[in-house]
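**Student:** Sending over a structure as structure tokens; questions will come in a sec.
The values are calculated or read from the model by the stated rules, or taken from the named source; none is laboratory data. Only a predicted model underlies this, so the values are computations on that prediction, with no experimental measurement involved. Neighbour counts are summed over all protein chains in view; Cβ atoms, including those assigned to glycine, are modelled from backbone coordinates with ideal geometry. Just the protein is used for accessible areas: all its heavy atoms, side chains included, with ligands, DNA and RNA removed. Shrake-Rupley method; radii C 1.70, N 1.55, O 1.52, S 1.80 Å.
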Amino acid sequence: MSDPSPTEAPEHLRRLNPEQHRAVTTIQGPVLVLAGAGSGKTRVLTRRIAHLLHSGVAPDNVLAVTFTNKAAAEMRERVEELIGPQAERLWVSTFHSTCCRILRTDIEPLGFTRRFSIYDDDDQLRLLKGILEQSGLDTDRVAAKDIASRIDHYKNRMLGPDEVLAERRTHPGDPLIRIWREYDEAMRAADALDFNDLIGKVVQLFQDEPEVRAKWVERFQYVLVDEYQDTNRGQYLLLKLLCEEHRNLAVVGDDDQSIYGFRGAEVSNILNFQADYPEAQVVRLEQNYRSTGNILALANAVVAHNPDRLDKRLWTASASGPKVQLIVAQDPRSEAARVADAIQKLRRMGMSYGDIAVVYRTNGVARHFEGALRGLRVPYKVVGGRKFYERREIRDVMAYLRLVVHPNDDAAFLRVVNVPPRGVGAKTQAELRQDATNRGLPLLATARARGAGRTAQQKGIKAFADIVDELTALSRDLSPPELVAQVVERSGYRAMLEGDRLADGTIAPEARDRLKNLEALVDDARAGAPAPDGLTTTDPLVAWLDRISLASDADEVPEGGQVTLLTVPSSKGLEFPWSSWSR
């Protein structure tokens, strides 16, 4: 159903049903939009932004937050189609990207510099393993991966070591608190944050620095949030600190689609929205435009069993469509074989492989479908598998770049001090770490302080420090792609790969593939990152490194030509004409 005056209304208000129209045009005060699956949620969000600007709100005063870079890019593109170039001044990004940009401007009161590093899971584990080894703990009994998981669990719930200890969430013999505190000290010394720190540090900054908070509250007068049912405690507090004065907070979500509880998401955030904002307008988008009647009937029957949910029921004007098919198989292998056969049948009916997805609960199930699809020569892509930026040669070059950006990054130092080999083995690295501890210096500074020595190990350490210093000097004049190329050359990485040859003198296939990946990294750096706006001070190299650090599984979804295999969380917000779901 169209709005009452489609010919007189501006483009962004046309072809909206009454509920969508109300969600778009109610722009003052808090708004809760309960958007069922396929009800035009993205359409409402983008047109709501367009309506804000049409009503006189400056683009600089609008913040739109979602959960994936892919969703943010799609939202930004749709807004640009509606309003033109002024969309470039909008902040449309993920929670973590938003917080990263804020911290790149105002983190100094927390004791970090604006050029802080962002540690990924591998960096985090490397640091924790080193702490465990130096502490003399039995790493067979106390695993770094378990400690990292527990730290992440508590950080997602906005708990620090003191709160965990005060609430007696751990027992007296548990080394977690001691290791956690040493980890925090090491992170601060390295001028680094982990992924979960990005939101937590902004919340801390806003709580501790009222003037900083006031600046961002003044900047973002209108805040829109996608997938609100999947926000965690930190995200909830961030939004509250940004919006409790002007209260122009519009959240879009569906409590029936809350799937990130294992990552700390609290569905109570959306269930209690009206308690937090009693004056909130509630709009229910219940008409589904995506699915047939039979699919909706099944979905409604399933979610009706949820005891705590907000009242809504999806409906569609579409036909009932074919019945939902249920496959009951004896084991995962036979289930995968039947799904693969069904995919081939769809292909013969004219459907593209890119229109098909297989969705499962955990990545452990993927291998069965991979085997079945390979057997039928069906092209596929596993989302969440080994991504480009996780390849060894890419991570090595990125470690050099991180040391250029911030020389206190000990995790980056340890990764590449002996890559390519310079005679700086595990024993020498352990001695260097102890020396750094005694001097109270980062590893790179310790390497410089030692000066040149006579042994091969001492010469190797000095050579590495010299390379980093050369690259740091070059970084002042070179663009990111030029600097990446210099890292590959001056570090000796290209020579190392080109030296890996077969008996006939040709470069080994694996080395050739790794060289191609490094060329692709130069191209990626050339594509760069969006230019920062006037409020942030991020330089191009740091902006590009941030984009890589903040990439998610959803950004790896192929555009077409391949069957997509992915988990339920990775499939969030995506659409496929045909999909199979597996336990």
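**Student:** Along each of its three principal axes, how wide is the spread of alpha-carbon positions in the stretch 12-90, in whole angstrom units, largest first?
**Tutor:** 29, 28, 24
**Student:** Tally Lys/Arg at +1 and Asp/Glu at -1 over every other residue whose Cβ is under 13 Å from the Cβ of ILE507; what's the total?
**Tutor:** My count for the surroundings of ILE507 gives 0.
**Student:** Taking 1 over the mean of 1/r across every pair of different Cα atoms in the stretch 352-434, what Kirkwood radius in Å do you get? Don't skip to the answer; put the middle values down first.
**Tutor:** Values: mean 1/r = 0.0612 Å⁻¹.
Hydrodynamic radius (Kirkwood, Cα pairs) of the stretch 352-434 is 16.3 Å.
**Student:** Take the stretch 246-346, drop everything but the C-alpha atoms, weight them equally and run the Debye formula without solvent; then report log10 I(q)/I(0) at 0.17, 0.19, 0.23 Å⁻¹ to two decimals.
**Tutor:** The Cα Debye sum returns log10 ratios of -1.00, -1.10, -1.23.
**Student:** List the residues whose amide H sits under 5 Å from the amide H of ILE356, counting only those 5 or more places along or on another chain, with H placed 1.01 Å from N in the peptide plane.
**Tutor:** THR564
**Student:** Taking only protein heavy atoms into account and a 1.4 Å probe, give the accessible area per residue of the chain in Å².
**Tutor:** Per residue, the chain has 48 Å² of solvent-accessible surface.
**Student:** So, one more: Just to confirm the number: angle between the C-alpha axis of helix 95-106 and the first principal axis of the chain, 0 to 90 degrees, nearest 10?
**Tutor:** Tilt relative to the chain: about 50 degrees.
**Student:** Work out the FRET efficiency for HIS171 and ASP121 from their Cβ-Cβ distance, taking R0 = 25 Å, and round it to the nearest 0.05. Provide the component values of the computation, followed by the final result.
**Tutor:** Values: r = 26 Å, r/R0 = 1.05.
Rounded to the nearest 0.05, the efficiency is 0.45.
**Student:** Could you go through the stretch 377-382 in sequence order and give the Karplus-derived ³J(HN,Hα) for each residue, using 6.51 cos²θ - 1.76 cosθ + 1.60 with θ = phi - 60°, rounded to whole Hz, and x for Gly and Pro?
**Tutor:** 6, 8, x, 8, 9, 8
**Student:** Take the eigenvalues of the Cα gyration tensor for the stretch 1-149, scale each by 5, and report the square roots as semi-axes in whole Å, largest first.
**Tutor:** Output for the stretch 1-149: semi-axes of 45, 19, 12 Å.
**Student:** Would you compute, for the Cα atoms of the stretch 62-133, the largest minus smallest coordinate along each principal axis and list the three values in descending order, in whole Å?
**Tutor:** So the three principal-axis extents are 57, 27, 14 Å.
**Student:** Using the Kirkwood radius over C-alpha pairs as Rh, can you work out the diffusion coefficient of the chain via Stokes-Einstein at 4 °C, viscosity 1.567 mPa s, in µm² per second?
**Tutor:** The Stokes-Einstein estimate is 49 µm²/s.
**Student:** Explain nothing, just compute: Karplus ³J(HN,Hα) = 6.51 cos²θ - 1.76 cosθ + 1.60, θ = phi - 60°, for every residue of the stretch 27-35 in order, whole Hz, x for Gly and Pro.
**Tutor:** Working through the residues one at a time gives 9, 9, x, x, 9, 10, 9, 7, 10 Hz.
**Student:** What ranking, highest mean first, results for peptides 396-408, 179-191, 317-329 when packing means the other Cβ atoms within 10 Å averaged over each residue? Mind dumping the intermediate values first?
**Tutor:** On the way: 396-408: 22.7, 179-191: 18.3, 317-329: 10.2.
Ranked from most to least packed, the peptides come out as 396-408, 179-191, 317-329.
**Student:** Does anyone have the angle between helix 480-490 and the longest principal axis of the chain? Alpha-carbon axes, 0 to 90°, nearest 10?
**Tutor:** Relative to the chain, helix 480-490 is tipped by roughly 30 degrees.
**Student:** Of HIS246, VAL62, LEU346, which is farthest on the positive side of the dipole of the chain, counting Cα position, with +1 on Lys and Arg Cβ, -1 on Asp and Glu Cβ, and the Cα centre as origin?
**Tutor:** Farthest along the dipole direction, towards plus: LEU346.
**Student:** Could you derive backbone 3J(HN,Hα) for the stretch 198-208 from the dihedral phi with the Karplus parameters 6.51, -1.76 and 1.60 (θ = phi - 60°), listing whole Hz in sequence and x where the residue is Gly or Pro?
**Tutor:** 4, 6, x, 6, 5, 4, 4, 4, 5, 6, 8
**Student:** Could I ask something else about it? Which listed residue (LEU82, PRO109, SER97) has the Cα farthest towards the positive end of the charge dipole for the stretch 12-142, taking +1 on Lys and Arg C-beta and -1 on Asp and Glu C-beta about the Cα centre?
**Tutor:** LEU82
**Student:** Rounded to the nearest 500, what is the 222 nm mean residue ellipticity of the chain from helices alone, with -39500 (n - 2.57) per DSSP H run of 4+ residues and division by all residues?
**Tutor:** -15000 deg cm²/dmol
**Student:** Restricted to Cα positions, what overall size does the stretch 309-412 have along the principal axes? Three whole-Å values, descending.
**Tutor:** 62, 45, 30 Å, listed from the longest principal axis down.
**Student:** Just need the relative contact order of the stretch 123-181 here, percent rounded to a whole number, with Cα pairs under 8 Å and 6+ apart.
**Tutor:** Reported as a whole number, the value is 32 percent.
**Student:** Another one. Output the pairs from LYS70/LYS155; LYS145/LYS312; LYS145/LYS240 with a Cα-Cα distance over 31 Å in this structure; if there are none, say none.
**Tutor:** Values: LYS70/LYS155 25 Å; LYS145/LYS312 41 Å; LYS145/LYS240 33 Å.
Beyond 31 Å: LYS145/LYS312; LYS145/LYS240.
**Student:** Moving on to the next point. Would you list, by chain and number, the aspartates and glutamates whose Cα falls below 16 Å from the Cα of LYS427, excluding same-chain residues fewer than 8 positions away?
**Tutor:** GLU133, ASP435
**Student:** Hey, which lysines would be in cross-link range of LYS345, C-alpha to C-alpha under 25 Å, not counting anything within fewer than 8 residues on its own chain?
**Tutor:** LYS323, LYS381
**Student:** With everything on Cα atoms, drop me the angle between helix 41-54 and the longest principal axis of the chain, reported from 0 to 90° to the nearest 10.
**Tutor:** 90 degrees
**Student:** Which value, in debye to the nearest 20, describes the size of the charge dipole of the stretch 362-462 about its Cα centre when Lys and Arg Cβ atoms bear +1, Asp and Glu Cβ atoms bear -1, and nothing else is charged?
**Tutor:** Computed about the Cα centre, the dipole is about 260 debye.
**Student:** Name the residue from ALA445, PRO332, VAL267 whose Cα lies farthest towards the positive end of the charge dipole of the chain, charges +1 on Cβ of Lys and Arg and -1 on Cβ of Asp and Glu.
**Tutor:** Sorting the options by dipole projection puts first PRO332.
**Student:** While we're looking at this one, here's another question. Could you work out the equivalent-ellipsoid semi-axes for the stretch 142-203, taking the square root of 5 times each eigenvalue of the Cα gyration tensor, largest first, in whole Å?
**Tutor:** Equivalent ellipsoid of the stretch 142-203: 19, 14, 11 Å, largest first.
**Student:** Quote the charge dipole size of the chain about the Cα centre in Debye, to the nearest 20; the model charges only the Cβ of Lys and Arg (+1) and of Asp and Glu (-1).
**Tutor:** Once rounded to the nearest 20, the dipole reads 1320 debye.
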